[in-house]
Amino acid sequence: MKPFTMLAVLVFAIVAVVQLVRVLMGWAVSINGLAVPIWGSGVVFLVAAVLAVMVWRENRAPRAAA
């Protein structure tokens, strides 16, 4: 796996795990005094997890002979 691809998968996976932990633990987050809803972290978890899997699978796809 190329270094950038591995880094991208790792970053997406970390973001997904942190968002999932926030949902499960019920951590409150506010940005500039505005409360961020828990369901927002659920959406971000799904998006980050799907992106991590897509990048990982794309890297593992067999290469066409040139």
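The values are calculated or read from the model by the stated rules, or taken from the named source; none is laboratory data. These numbers were taken from a predicted model, which means no experiment stands behind them. Note that we place each Cβ from the backbone using ideal geometry, even for glycine, and neighbour counts take in every protein chain shown. These area figures cover heavy atoms from the full protein model, side chains too; ligands, DNA and RNA do not enter into them. Shrake-Rupley method; radii C 1.70, N 1.55, O 1.52, S 1.80 Å.
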- request: Examine region 40-48 for a residue that is modelled with pLDDT under 95, of a type outside the set (Lys, Arg) and open to solvent by 100 Å² or more (accessible area, probe 1.4 Å), and state whether such a residue exists.
  value: no
- line: Scanning region 8-28 residue by residue, those closer than 23 Å to Val50 by Cα, exposed (fewer than 14 other Cβ atoms within 10 Å of the Cβ) and among the aliphatic types (A, V, I, L, M) turn out to be Leu10, Ile14, Val21, Leu24, Met25
